[in-house]
1. Suppose we filter the range 21-42 for residues that are modelled with pLDDT of 95 or more, of a type in the set (A, V, I, L, M) and either within 13 Å of Gly11 (Cβ to Cβ) or loosely packed, with under 11 Cβ neighbours inside 10 Å (or both); how many remain?
2. Check whether at least one residue in the range 50-60 is over 9 Å from the mean Cα position of the chain (by Cα), open to solvent by 30 Å² or more (accessible area, probe 1.4 Å) and β-branched (Val, Ile, Thr), and report yes or no.
Amino acid sequence: MSEPLIRCRLGDIMKTRGLTNKDVVDLTKVSRNTITSLAGNATKRIDYDTLGALCRGLGVTPGDILEYIQEDNEESR
């Protein structure tokens with residue numbers, strides 16, 4: 001199976017800002033389990049409500065949280 005084409009950067013944002021899971025839960029009101037999964041890039045989907053809460057709470061845009069990863073064969077087109 002190939003790598004996912006979309007990567008969640010929440011863990012990177014948290015690390016850069018020195019935020020813990022609890023900090024993000026407090027800022028966004030998103031459940032701890034969801035934050036843990038997203039920060040570890042261990043989820044297959046994200047609800048719009050969750051994405052919106054992260055954007056509001058962290059002062060970011062969806063493009064800051066989600067990263068598109070080009071496949072090698074796309075680069076050669």
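The values are calculated or read from the model by the stated rules, or taken from the named source; none is laboratory data. Just so you know, these numbers come straight off a predicted model, no measurement behind them. Heads up, the Cβs are rebuilt from the backbone with ideal geometry, glycines too, and the neighbour counts pull from every protein chain shown. Ligands, DNA and RNA are excluded from the accessible area calculation, which covers all protein heavy atoms including side chains. Shrake-Rupley method; radii C 1.70, N 1.55, O 1.52, S 1.80 Å.
1. Result for the range 21-42: 4.
2. We begin by selecting, within the range 50-60, every residue over 9 Å from the mean Cα position of the chain (by Cα); these are 50, 52-53, 55-60.
Filter once more, keeping what is open to solvent by 30 Å² or more (accessible area, probe 1.4 Å): 56, 59.
Cutting the leftovers down to β-branched (Val, Ile, Thr) gives us none.
No, because not a single residue in the range 50-60 is over 9 Å from the mean Cα position of the chain (by Cα), open to solvent by 30 Å² or more (accessible area, probe 1.4 Å) and β-branched (Val, Ile, Thr).
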